[in-house]
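Visitor: The structure's right below; bear with me while I get my questions together.
The values are calculated or read from the model by the stated rules, or taken from the named source; none is laboratory data. From a predicted model like this one, the values you see are computed outputs, not experimental measurements. Here the Cβ positions follow ideal geometry from the backbone for every residue, glycine too, while neighbour counts run over all protein chains shown. Accessible surface is based on the protein model in full, side chains and every heavy atom, while ligands, DNA and RNA are left aside. Shrake-Rupley method; radii C 1.70, N 1.55, O 1.52, S 1.80 Å.
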Protein chains: 2
Amino acid sequence: MRLITFSLKVFSFAGIIGIFVLLPVNCTGELHIVDFTNLPNNSLDVFTISNIGNGSKRLWIHFSAVYVVTIFICYLLYYEYRYISSKRMAYFYSSKPQPHHFTILVHSIPVSVESSVSESVDRFFSEYHPSTYLSHIVIHRTNRLRSLINDAKQLYGRLTHLKSDDTQQKYHRSCCFGLCGRKVDLTDEYEKQLVDIEKNLRLEQSEVSSSGHKEARAAFVSFKSRLGAAIAFHLPQSSNPIEWVTEEAPEPDDVYWPFFSSSFMHRWISKLTVVVACITLTILFLVPVLIVQGLTNLSQLKTWFPFLESILTIKIVSQVITGYLPSLILQLFLKAVPPIMKFLSSIQGYISHSNIEKSACNKVLWFTIWNVFFATVFSGTAIYVVDIFLEPKQIPGKLAVAVPAQASFFIAYVVTTGWTSVCSELFRIIPFSFSLIKRPFTRSTDHELEVPSLPYHKDIPRILFFALLGITYFFLAPLILPFLLLYLCLGYIIYSNQFINVYAPRYESAGKFWPIVHDSIIFSLVLMHAIAVGIFTLKKLSLASSLICPLPIFTLLFNDYCRKRFLPIFVAYSAESLIKKDRQEENDPEMSEFYNKLVIAYQDPALMPVRFSSSSDGLNSPLISSAQV
Amino acid sequence: MRLITFSLKVFSFAGIIGIFVLLPVNCTGELHIVDFTNLPNNSLDVFTISNIGNGSKRLWIHFSAVYVVTIFICYLLYYEYRYISSKRMAYFYSSKPQPHHFTILVHSIPVSVESSVSESVDRFFSEYHPSTYLSHIVIHRTNRLRSLINDAKQLYGRLTHLKSDDTQQKYHRSCCFGLCGRKVDLTDEYEKQLVDIEKNLRLEQSEVSSSGHKEARAAFVSFKSRLGAAIAFHLPQSSNPIEWVTEEAPEPDDVYWPFFSSSFMHRWISKLTVVVACITLTILFLVPVLIVQGLTNLSQLKTWFPFLESILTIKIVSQVITGYLPSLILQLFLKAVPPIMKFLSSIQGYISHSNIEKSACNKVLWFTIWNVFFATVFSGTAIYVVDIFLEPKQIPGKLAVAVPAQASFFIAYVVTTGWTSVCSELFRIIPFSFSLIKRPFTRSTDHELEVPSLPYHKDIPRILFFALLGITYFFLAPLILPFLLLYLCLGYIIYSNQFINVYAPRYESAGKFWPIVHDSIIFSLVLMHAIAVGIFTLKKLSLASSLICPLPIFTLLFNDYCRKRFLPIFVAYSAESLIKKDRQEENDPEMSEFYNKLVIAYQDPALMPVRFSSSSDGLNSPLISSAQV
């Protein structure tokens, strides 16, 4: 439920900005229309600030719009932050005992030759947290096990499918593409294979859990109280800061099992590698963007492909090419980015799906801003864009020249990308067509039953990018606002429906995505101020451009205040609230039952006993379920 | 004792660099001497890299020197950091129970109308830390009290002086500059005044401690164990992050009582104000530096002051002016900086002398690097220097042109500033002359008895600046090294003497200054790499300049590793060590006595009972000493 309200916040927030922003825009828009009648022109560019003469008094309306909107957005941001943090606290107070509040993840555990990881964890926490330490589960490297389980699952799916569906061919010939050889009963063969795999699986499971060399040097450590877990998490545990490193545990279902890099050095190096990979991706990605830029410019296209000239002179073709095609092509490339970023985040060393998505969300956001906004605005080579940012003094001037020129592109972008993405979200066209394509190849019925979870790392950056467009363009080209507003209204309706009827949350984000939203809006504001400074300098209104200067400073101060005032709430719960919660449940009879569950909550699913085959022999009895506790 | 070893580290470290650096320098120096014989010239500039031809093979020796020295310095830095952090741990383990390990400072305490600060502190910590909470002392605003005490002290000093010294005039006439009126006994009058002041003082003391409106919203809270204090310090206490903010308490003698800004907003605003003041000071300070730059350039001086031409043509005068005078003038201006920076740090909201000095040390360091190094190197207006840093891409190129040109200035700087400062340190000329001047005006004998403490914020930045000069110039103008080495050897001998015989530490720094040293050396290395890139590009050896590029990246990675590996040790003690220490003393019979002391350790000295006047009436009995606990 918190998810719904949280994402609705984003929309209603952006919506309110839109409506409010429309107001000053209408009065300045009137002036633009006057300009429009004076300069009849067929392009959307007439609505932009470029048409106002140098030093014109009308620029002061734009100036005051910048001030009013900045103050209003800051006011909204403050109240949103306060509201969400109060919601977060309320959610915490009202929640039932949850395993991840009582548990921490410890990694970089030092091991001596004579003792196992499990023993040293036990010794360490019994020694230094005797009153609160409850239990621990050492993490094992179970990549091979997981692939075995997947095989078994697939086989089992195929088998069920075969049994339930009478129309299927149940025999095949044992050799030569089914052309010769004797007939074999497929059902029997699959069952035999399944039994084999399960046997392997159990052998592997017992090997993993009994021998020490598959132990990662990391463990989930559970405590008797929330305060105990918080103390272990907040205090540096060991005198050597790179040993016994603690982290908050995610929800048990949220743990990302496949990648457990447990040593400090390993995590550090993989983090650095990912940072380098991200930068490389961002720079290499500019190549398709530049091709797109070529397409938006009709005359350049004519020089590149002279044989197309006859087609390009047809009005409708040229309109489609300049208006829709570029952003559609860009869109196709951009579709590949969120999965790549999610993969990069997953090898960065995060231990939960939620953290991976949060990190990917950040990556996608900055990637989008860089590659869609800046690369489009400056429409130059990668080196050229990097160059501009190496000369910070000239940024406002260059932005002022380049940003208004791309207004019509971004209006088209809102229409194509925004509207289509929201509509395709309603029908979920891509997952639908994917499942249509996949269906003939996968014979299992599992996939249809899985409820999808919202891909935060894909949707939040997209909405934030539209917010950035709205904030930066509202005073340059107010015409973008009705389109944006329509997009947001559509989004509000459609996402409400999706949350209620389609998606199910995989984990509880507890508002942790809000700081990303806040930072991104602050960035948009400062960028808008930089553009405003550049524009007013360009329009020879130096008084206005110097009067804008305090605005980014105050925005950043406001941001600093918010970071101090609200951000700690999103990082950790306070001693006050933890102790209150602990005391509430002190005499709760349900707690002993909860502790029993807690002890096995962070069991690796790959080490759970598996049972697929119908033959229920002794091998199915859990070999290791009790050995772990 | 730790202070001595710590500061010796700085010297021996810089010394080892010098000696080691000399080695590659000698072999490249030989080449310079070859150049020197070819180009006989009277200036020191012939020893610089500027004399090597473009694309010369000999530049590769410089290239390898850059690599070798960087690796060696990083190696040294790592081992120094490790050694100092191990020393810090050892010091902690061997120390007796100290009040500041058991105490935290809480500020931004919320107060309700019906309860006082003291009551709400008591309620909060009894509620949330029942097992470890011991006591608290609310901080009062005692500025008026402190000035009264100072008055009393001064009067008392004068009185003692008068009584002990028979030669002094003990009477004066009561009016008209001692010309008319009746004779008054000075001793009697002073005693009367003293009794008056003491009466006022006691009244004020009782008023401050009894009425609530002089209470600052801050308190020292003591705990029964180190772990208890650490838990209260590390965990966010309140659900509102800007209330109940905790800080580590300084040693009782180290507390800086005068300035207690207790509310979150007040501290935030004063911090911002100080940042702005620092930046303003740094920019305004460039004015005298520019005058100094004019002096270094003899021809410019002649155009400015044509009447001096006859004097300036005398060889010795021109040598003094170009060699010594500029850096001496600069030095005089720079002398005023550390006290100003210390004052700024003191109003920034730090609560201890040690933190104020640490912050001032940082400020002075960056001030020196900016105003002495960059302003001298670029020898332009303030705007010009800021401009250069707004175009980061061009920094290496501009540095490469400007830095070697100023080699002779910096060699002279080492001789004048370095040598003279170290020698004046030995004789402590400035404090000595100050006390000589002050003696006739102050009649008390107190000042002679006070042992001075080392002004870290003045000495550490100076030594670090010489390290920066050494690191940046060793491959450009190796001639600077013998001078620097002599300075360091002198410094080693003289400071050893000063530590043993002159200074007494006012507080235990426990190695907390080392991270500043580490960061500054890393900065010097990266700056040196930037210069090297510029130089090799300038000398048309593009392969070398691109081969240098990985070096700053690896240096920064190394720094990142060190920050993760060692810095946390300097920030807080680990749970492991705290618990070990607590257990050691669990059954120590001396602990109950220590607790009794702990309860009153953080009593404001201004609220202590005072007794100066000889009349021992009932007023002298402590009115408030017990009321505070």
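Visitor: Please go through the stretch B:130-154 and pick out each residue that is part of a helix (DSSP H, G or I), open to solvent by less than 70 Å² (accessible area, probe 1.4 Å) and either among the polar types (S, T, N, Q) or on the phi > 0 side of the Ramachandran plot (or both).
Guide: B:Ser147 - this is the single residue of the stretch B:130-154 that is part of a helix (DSSP H, G or I), open to solvent by less than 70 Å² (accessible area, probe 1.4 Å) and either among the polar types (S, T, N, Q) or on the phi > 0 side of the Ramachandran plot (or both).
Visitor: To continue, here is another question. Just one of the numbered conditions (1) open to solvent by 10 Å² or more (accessible area, probe 1.4 Å); (2) more than 14 Å from every other protein chain (Cβ to nearest Cβ); (3) in contact with a helix residue (DSSP H, G or I) (Cβ under 9 Å, 6 or more places away or on another chain); (4) small (Gly, Ala, Ser) is not true of A:Ser206; which one?
Guide: (3)
Visitor: While we're here: Here are some conditions: (1) touching a residue at least 60 places away in the same chain (Cβ under 8 Å); (2) under 23 Å from the mean Cα position of the chain (by Cα); (3) farther than 19 Å from A:Met341 by Cβ; (4) within 14 Å of another protein chain (Cβ to nearest Cβ). A:Trp257 meets all but one. Which one does it not meet?
Guide: In the conditions (1) touching a residue at least 60 places away in the same chain (Cβ under 8 Å); (2) under 23 Å from the mean Cα position of the chain (by Cα); (3) farther than 19 Å from A:Met341 by Cβ; (4) within 14 Å of another protein chain (Cβ to nearest Cβ), A:Trp257 misses (4) alone.
Visitor: Check the stretch A:232-246 and report whether any residue there is under 18 Å from A:Leu105 (Cβ atoms) and assigned to a strand (DSSP E or B).
Guide: yes
Visitor: Select from the stretch B:331-387 the residues that are closer than 30 Å to B:Ile104 by Cα and outside any helix (DSSP H, G or I) and write down the one among them that is modelled with the lowest pLDDT.
Guide: Across the stretch B:331-387, the extreme among qualifying residues is B:Gly349.
Visitor: Before we move on, is A:Ser126 in a helix (DSSP H, G or I) and within 13 Å of chain B (Cβ to nearest Cβ)?
Guide: In short, yes.
Visitor: Can you tell me how many residues within the stretch B:62-91 are of a type outside the set (A, V, I, L, M, F, W, C) and either open to solvent by 10 Å² or more (accessible area, probe 1.4 Å) or part of a loop (DSSP other than H, G, I, E, B) (or both)?
Guide: So the answer is 11.
Visitor: Does A:Ser118 satisfy the condition of being open to solvent by 20 Å² or more (accessible area, probe 1.4 Å) and within 19 Å of A:Val599 (Cα to Cα)?
Guide: Yes; evaluated as a whole, the condition is true for this residue.
Visitor: Can you pull out every residue in the stretch B:102-120 that is within 14 Å of chain A (Cβ to nearest Cβ) and not hydroxyl-bearing (Ser, Thr, Tyr)?
Guide: B:Ile104, B:Val106, B:His107, B:Ile109, B:Pro110
Visitor: Mind listing whichever residues of the stretch A:222-247 are more than 13 Å from chain B (Cβ to nearest Cβ) and either under 30 Å from the mean Cα position of the chain (by Cα) or without any contact (Cβ under 8 Å) to a residue 12 or more places away in the chain (or both)?
Guide: Selection gives A:Ser222, A:Glu247.
Visitor: With the structure loaded, tell me whether A:Thr376 is open to solvent by 10 Å² or more (accessible area, probe 1.4 Å), of a type in the set (Val, Ile, Thr) and closer than 23 Å to A:Tyr413 by Cα or whether it fails that test.
Guide: no
Visitor: Another question about this same structure. Return the residues of the stretch A:470-521 that are among the polar types (S, T, N, Q), open to solvent by less than 20 Å² (accessible area, probe 1.4 Å) and part of a helix (DSSP H, G or I); say none if nothing qualifies.
Guide: Within the stretch A:470-521, A:Thr472, A:Gln498, A:Ser520 qualify.
Visitor: Can you find a residue that is of a type in the set (Phe, Trp, Tyr) and closer than 19 Å to A:Cys278 by Cβ anywhere in the stretch A:391-409?
Guide: The answer is no; no qualifying residue exists.
Visitor: Every residue in the stretch A:380-427 that is in contact (Cβ under 8 Å) with a residue 12 or more places away in the chain, polar (S, T, N, Q) and more than 24 Å from A:Ile340 (Cα to Cα), please.
Guide: Matches in the stretch A:380-427: A:Gln406, A:Ser408.
Let's see how each residue does on (1) at pLDDT 90 or above; (2) among the small types (Gly, Ala, Ser):
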position: B:Phe92; (1), (2): no, no
position: B:Ile104; (1), (2): yes, no
position: B:Ser118; (1), (2): no, yes
position: B:Phe125; (1), (2): yes, no
position: B:Arg144; (1), (2): no, no
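Visitor: Are there any pairs with C-beta distances below 8 angstrom linking a residue in the stretch B:92-114 that is part of a strand (DSSP E or B) to a residue that is of a type in the set (S, T, N, Q) and surrounded by 14 or more Cβ atoms within 10 Å (Cβ to Cβ), with the two at least 6 apart or on different chains, and if so which?
Guide: That search, which allows pairs on different chains as well, returns B:Thr103/B:Ser222; B:Ile104/B:Thr246; B:Leu105/B:Thr246; B:Val106/B:Gln237; B:Val106/B:Thr246; B:His107/B:Ser262; B:His107/B:Ser263.
Visitor: Could you list, in sequence order, all residues of the stretch A:571-589 that are without any contact (Cβ under 8 Å) to a residue 60 or more places away in the chain, within 11 Å of chain B (Cβ to nearest Cβ) and not hydroxyl-bearing (Ser, Thr, Tyr)?
Guide: A:Val571, A:Glu576, A:Arg583
To keep it simple, each residue is scored yes or no on (1) open to solvent by less than 20 Å² (accessible area, probe 1.4 Å); (2) closer than 24 Å to B:Pro515 by Cα.
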{"site": "B:Leu527", "(1), (2)": "yes, yes"}
{"site": "B:Val533", "(1), (2)": "no, no"}
{"site": "B:Thr537", "(1), (2)": "no, no"}
{"site": "B:Leu543", "(1), (2)": "no, no"}
{"site": "B:Ser546", "(1), (2)": "no, no"}
{"site": "B:Ile553", "(1), (2)": "no, yes"}
{"site": "B:Leu556", "(1), (2)": "no, yes"}
{"site": "B:Cys562", "(1), (2)": "yes, yes"}
{"site": "B:Ile569", "(1), (2)": "yes, yes"}
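Visitor: Which condition breaks for B:Leu235 when tested against (1) modelled with pLDDT of 80 or more; (2) surrounded by fewer than 21 Cβ atoms within 10 Å (Cβ to Cβ); (3) aliphatic (A, V, I, L, M); (4) farther than 27 Å from B:Trp257 by Cβ?
Guide: Of (1) modelled with pLDDT of 80 or more; (2) surrounded by fewer than 21 Cβ atoms within 10 Å (Cβ to Cβ); (3) aliphatic (A, V, I, L, M); (4) farther than 27 Å from B:Trp257 by Cβ, only one is false for B:Leu235: (2).
Visitor: Return the residues of the stretch A:559-570 that are without any contact (Cβ under 8 Å) to a residue 60 or more places away in the chain and closer than 23 Å to B:His129 by Cα; say none if nothing qualifies.
Guide: Passing the criteria: only A:Pro568.
Visitor: Provide a single number: the residues in the stretch A:572-587 that are of a type in the set (A, V, I, L, M, F, W, C), in a helix (DSSP H, G or I) and surrounded by fewer than 19 Cβ atoms within 10 Å (Cβ to Cβ).
Guide: Total satisfying the criteria: 0.
Visitor: Condition check: outside any helix (DSSP H, G or I) and modelled with pLDDT under 80. Does A:Phe259 satisfy that?
Guide: It is true that A:Phe259 is outside any helix (DSSP H, G or I) and modelled with pLDDT under 80.
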